[in-house]
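Here's the structure we're looking at; comments come further down.
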Amino acid sequence: MKVKKYVVASMPQAMKAIRSDLGEEAVILHSKQFRTGGFFGLFTKTKMEVLAAVDSVEKLNVKKKSAPAEPGMEDNTSFMKQQLSELNALVSQMSQMQKVSSSSYPQAVENVLAYLRLQEIDEAILENVETPMLEYYYLHRPNSNQLMKWTQSWFVNQFKASEWSGSFKKYVSVVGPTGVGKTTTLAKLAAKCVLEHNQKIAFITTDTYRISAIEQLKTYASILNAPLTICYNGADFKKALVETEAYDVIFIDTAGRNFLEEQYVSDLKKIITFKENLQTFLVLALTSKVSDMKAVYERFASLPVDQLIFTKRDETTQKGSLLNMLYHYGQRAAFTTYGQDVPEDISPFKIEVFIDDVFGDWKDE
């Protein structure tokens with residue numbers, strides 16, 4: 001079966017496109033009206049979303065009338081027709097070009113899409129999954145739980161390339177807004193280097209705005225037996241790089257300030273030299289609104305951000321924002337964190353594990 005979605009201005013326009021693409025044997029599975037554009041609710045335009053399908057086997061036979069049918073082809077065609085039998089009543093819509101169907105998606109599909117929306121997964125991602133989901137449904141007629149398993153596999157395949165499996169460069173910095181847990185995250189990364197790879201590490205901090213942040217990093221540095229250098233300006237930073245040259249990895253903490261202030265990023269550039277041997281992680285909190293996360297990313301876009309780290313995974317039940325960020329910016333996620341314990345509460349980002357977490361609260365009502 002071939003399934004295709006059309007967004008058009010009217011049903012006649014949809015019918016013309018369906019006949020052209022799928023042929024006279026096509027069946028309308030679903031159609032709905034929606035409004036788009038406009039300004040404060042004025043001057044909006046009405047659009048239609050129409051989902052159509054055709055038995056691809058039958059269409060192939062029509063094109064090759066002179067070719068003898070292979071054994072079992074008739075049985076397969078009969079099976080496909082049976083799968084579409086309950087939809088045959090909708091064929092009459094093709095001759096009623098001025099009427100608009102108000103049919104809804106099958107209940108299993110509605111259940112899964114409702115859960116994805118509950119997880120605050122962006123509509124742009126849902127538009128990509130809807131058509132293959134409906135195609136899978138009409139071919140296999142799964143229940144909600146079976147369809148959810150298929151959906152999980154779809155997300156894993158779509159976001160597999162978003163995993164980061166690289167290694168740290170000599171210099172590692174974390175940037176981001178205030179309150180996302182940059183200093184604790186930096187300490188977790190440093191502890192992994194010491195405990196798992198037996199590397200010599202050092203700390204540099206440019207966060208001279210918060211005394212508590214300096215004291216916190218001093219504590220971590222003492223535990224890990226690592227030196228800490230405090231930098232107030234660009235000259236201090238260059239001197240610190242020379243002093244820590246002998247260490248394997250140098251971790252650089254930055255100030256957490258209001259991300260709406262453009263001056264914040266400008267100040268970072270004045271102090272830190274962002275070169276090839278410096279790896280920069282942008283830290284975002286999963287408890288933040290997606291709109292704020294996007295604003296943060298775009299504020300830091302002028303820096304060479306290598307990967308993303310998402311914190312506070314344990315403090316929210318709606319984790320779709322992580323997928324939204326990866327989808328919209330084509331970035332990779334390096335780690336997620338889920339507590340204050342150092343170094344335990346941090347894990348490399350693995351899409352299979354994360355999708356299991358996202359769908360962990362699924363219950364078929």
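The values are calculated or read from the model by the stated rules, or taken from the named source; none is laboratory data. Predicted, not measured: the structure shown is a model, and the values here were computed from it. Cβ sites come from the backbone with ideal geometry, for glycine too, and all protein chains shown count toward neighbours. Accessible surface areas use protein heavy atoms only, side chains included; no ligands, DNA or RNA. Shrake-Rupley method; radii C 1.70, N 1.55, O 1.52, S 1.80 Å.
In summary, strands (runs of 3 or more DSSP E) completely within the range 247-355 and bearing 3 or more residues that are open to solvent by less than 50 Å² (accessible area, probe 1.4 Å) occur at 249-253, 278-285, 307-311, 333-337. Here the condition is being in a helix (DSSP H, G or I), crowded, with 21+ Cβ neighbours inside 10 Å and at pLDDT below 95; of LYS160, LYS192, LYS188, it holds for LYS188 alone. Reported count of residues in the range 95-123, each being modelled with pLDDT of 70 or more and either of a type outside the set (Phe, Trp, Tyr) or surrounded by fewer than 13 Cβ atoms within 10 Å (Cβ to Cβ) (or both), is 18. Among residues of the range 196-209 that are in contact (Cβ under 8 Å) with a residue 60 or more places away in the chain, those with a Cβ under 6 angstrom from a residue that is of a type outside the set (Lys, Arg) and assigned to a loop (DSSP other than H, G, I, E, B), sequence gap 6+ or separate chain, pair up as THR206/CYS231; THR206/THR254. Sub-6 Å Cβ pairs linking a first residue in the range 344-360 that is within 22 Å of THR185 (Cα to Cα) to a second residue that is open to solvent by 70 Å² or more (accessible area, probe 1.4 Å) and not hydroxyl-bearing (Ser, Thr, Tyr), at least 6 apart or interchain, are ILE351/LYS160, ordered by first then second residue.
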